[in-house]
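The structure under discussion appears below in the form of structure tokens.
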Amino acid sequence: MKKIKLILSLLCMLFTPPASIYAQNTSTYVDTVLFTKSGTEPQKAYVSHKQGDVNMLDDGEDFVMWTHHLSSKMPPAKITKGTLTITLKDDSDIPLEYFFAFSEDFRFDYDKFHDTFSYDVDVAYLEDGAFTVKLLSLMGDFFIVRSELVVEYVPK
Ligand SMILES: [Ca+2]
Ligand SMILES: [Ca+2]
């Protein structure tokens, strides 16, 4: 009898992975928003813009604002990490061009124009399934091509 118990407990150990394996069982979801002259793809990502074409940030504090919607495509999950990557494009017509990106978690990035930048977002602001970002041109003019929100999560 003792032997059977021992074999059973050994079997249990073999087939029950330690808790740490569950903790590493994360999935990744990528939400991509593309920008066009007249709006965004998907359309519902568009929130507002100041002037002219939606995807063109004109010289003089033009802006575009959009929302990444996660909840429709993601299963209920505990989100563990979020990274926002924004891709810009410019014709280098003005020597000094600056962008300012500001998101609903109060994090921001401000820099001289370059093609791609990314930063980690506060996961607490992703829990409602929506994440809003605003991009401004502080100096110069350039295009926004895409915004990508990569979310790592553990399914519930
Ligand atoms: Ca514009
Ligand atoms: Ca420019």
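Among the residues of region 27-41, those identified as surrounded by fewer than 18 Cβ atoms within 10 Å (Cβ to Cβ) and not basic (K, R) are S27, T28, Y29, V30, T32, L34, T36, S38, E41.
On the basis of being on the phi < 0 side of the Ramachandran plot and modelled with pLDDT of 95 or more, does K112 make the cut? Answer is no for this residue. Of the residues making up region 53-72, none is among the polar types (S, T, N, Q), surrounded by fewer than 14 Cβ atoms within 10 Å (Cβ to Cβ) and within 16 Å of ligand 2 (Cβ to nearest atom). Here region 96-131 is the region considered, the condition is being hydrophobic (A, V, I, L, M, F, W, C) and more than 17 Å from the chain's Cα centre (by Cα), and the residue that is surrounded by the most Cβ atoms within 10 Å (Cβ to Cβ) is F99. S147 fulfils the conditions (1) farther than 13 Å from L84 by Cα; (2) among the small types (G, A, S); (3) within 13 Å of the chain's Cα centre (by Cα) except for a single criterion, (1).
What are the pairs with Cβ atoms under 8 angstrom where one residue, in region 56-85, is at pLDDT below 85 and the other, located anywhere, is outside any strand (DSSP E or B)? Sequence gap at least six, or different chains. Hits for this filter: S71/D128; S71/G129; S72/G129; M74/G129; P75/K156; P76/K156; A77/K156.
Of the residues making up region 103-118, those that are hydrophobic (A, V, I, L, M, F, W, C) and away from ligand 1 (no atom under 16 Å from the Cβ) are F106, F108, F117.
Yes or no: G52 out of contact with any Leu (no Cβ under 7 Å at 6 or more places or on another chain), on the phi > 0 side of the Ramachandran plot and not aromatic (F, W, Y)? Yes, satisfied. Checking F131, F102, F108 one by one, the residue that is in contact (Cβ under 8 Å) with a residue 12 or more places away in the chain and farther than 15 Å from I79 by Cβ is F102 and no other.
The values are calculated or read from the model by the stated rules, or taken from the named source; none is laboratory data. These figures come from a predicted structure and were not determined experimentally. Quick reminder, even Gly has a Cβ in these numbers, built from the backbone with ideal geometry, and neighbours come from all protein chains shown.
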